[in-house]
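Below: the structure, in structure tokens.
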Amino acid sequence: MNPEGETGTALLYRILKRIFYLVVPILVYLVLLVVFWFVYPPPTGVFTLPPSTEYLTLVGLMGAYLVPPFGKETIIPLALGLGYHTWVIFLGVVGMDIVTATFVSLNFDLLLKVPLVGRWIRWVMRTAEKVRVSKPWIEQLSSSGLLLFMYIPLQGSGSITCLVLGRLLGYKPAVSLGLVVIGSVLSTLTVAVGAASVIQLWYINPLLGIATAVAILAVIGVIAYLWSRFTKRFYRSEGV
């Protein structure tokens, strides 16, 4: 419906801007998929069909990344174990985080009105609210808390949840999106480098790979314990 007093030019501008918001994020990731096509071309030539098995598997992994309970901690080691280059997985995962977060951020109001998608967005909002209540340190640590939440590669700390959580905490969309990008880059690098190191050591000596994996898990356990001790003060201050 045309708002009262809005000129035809203003209405056209709004429509074109909405189309831009809807199309451009998707086109950006399609460009990345085209790049991957040249990295893993069909066996009969780059400009032929059908796609290579490596390409189809990569696209499937990137699609699975969007579906809970899959996340960086599962998709990245799996992809590296299948022989994909670290930089390919890095670009695929970070690109997916950026594109999905940007798409939701730019079209948040419209997505809420779409029947099935709106229901899913509201479910994400409820999930983000539960995270805000159950993890008061995110709000207490301000933008650093939101960045840490995005950095931790665990289920529930995805780009869209982080973006919605930023909105609930009152951050401007650009700030929330920036924190999502930084957190995605750092967490993807951490998981990719760690998983690649374990896999390489496994090829050299399986026992060495297992020992490294155990050592990494031990370090994560110690950090988790220290972090839980540190965050207790925030739960006390919230009366939890």
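The values are calculated or read from the model by the stated rules, or taken from the named source; none is laboratory data. Keep in mind that what you see is a predicted model, and the values were worked out from it rather than measured. Methodologically, a virtual Cβ is constructed for each residue, glycine included, from the backbone with ideal geometry; neighbour enumeration extends over all protein chains shown. Just the protein is used for accessible areas: all its heavy atoms, side chains included, with ligands, DNA and RNA removed. Shrake-Rupley method; radii C 1.70, N 1.55, O 1.52, S 1.80 Å.
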Quiz item: Just a yes or no: is a residue in segment 124-146 of a type in the set (Asp, Glu) and either outside any helix (DSSP H, G or I) or modelled with pLDDT of 90 or more (or both)?
Solution: no
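Would it be correct to say that residue 40 is of a type in the set (Ser, Thr, Tyr), in contact with a Ser or Thr (Cβ under 8 Å, 6 or more places away or on another chain) and under 22 Å from residue 195 (Cβ atoms)?
Values: of a type in the set (Ser, Thr, Tyr): yes; in contact with a Ser or Thr (Cβ under 8 Å, 6 or more places away or on another chain): yes; under 22 Å from residue 195 (Cβ atoms): yes.
Against the criterion (of a type in the set (Ser, Thr, Tyr), in contact with a Ser or Thr (Cβ under 8 Å, 6 or more places away or on another chain) and under 22 Å from residue 195 (Cβ atoms)), residue 40 qualifies.
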Exercise. Collect the residues in segment 35-76 that are hydrophobic (A, V, I, L, M, F, W, C), under 21 Å from the mean Cα position of the chain (by Cα) and surrounded by fewer than 10 Cβ atoms within 10 Å (Cβ to Cβ), keeping them in residue-number order.
Key: 67
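Regarding segment 215-224, can at least one residue be identified that is of a type outside the set (Lys, Arg), part of a helix (DSSP H, G or I) and open to solvent by less than 20 Å² (accessible area, probe 1.4 Å)? Steps first, answer last, please.
Taking segment 215-224 and keeping what is of a type outside the set (Lys, Arg), we get 215-224.
Pick out the ones that are also part of a helix (DSSP H, G or I) and you get 215-224.
Retained after the next criterion (residues that are open to solvent by less than 20 Å² (accessible area, probe 1.4 Å)): none.
Scanning segment 215-224 turns up no residue that is of a type outside the set (Lys, Arg), part of a helix (DSSP H, G or I) and open to solvent by less than 20 Å² (accessible area, probe 1.4 Å).
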Quiz item: What pairs can you find where one residue is in segment 59-73 and of a type in the set (Asp, Glu), the other is open to solvent by 30 Å² or more (accessible area, probe 1.4 Å), and their Cβ atoms are less than 8 Å apart, with a gap of 6+ or different chains?
Solution: 73/153; 73/154
Practice problem: Taking residue 235 as meeting all but one of (1) over 24 Å from residue 90 (Cα atoms); (2) touching a Pro at 6+ places or on another chain (Cβ under 8 Å); (3) of a type outside the set (Gly, Ala, Ser); (4) at pLDDT 85 or above, write down the number of the exception. | Solution: (4)
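Hey, among 135, 172, which residue is under 23 Å from residue 103 (Cα atoms) and open to solvent by 50 Å² or more (accessible area, probe 1.4 Å)?
Step by step, each of 135, 172 is checked, and only 172 is under 23 Å from residue 103 (Cα atoms) and open to solvent by 50 Å² or more (accessible area, probe 1.4 Å).
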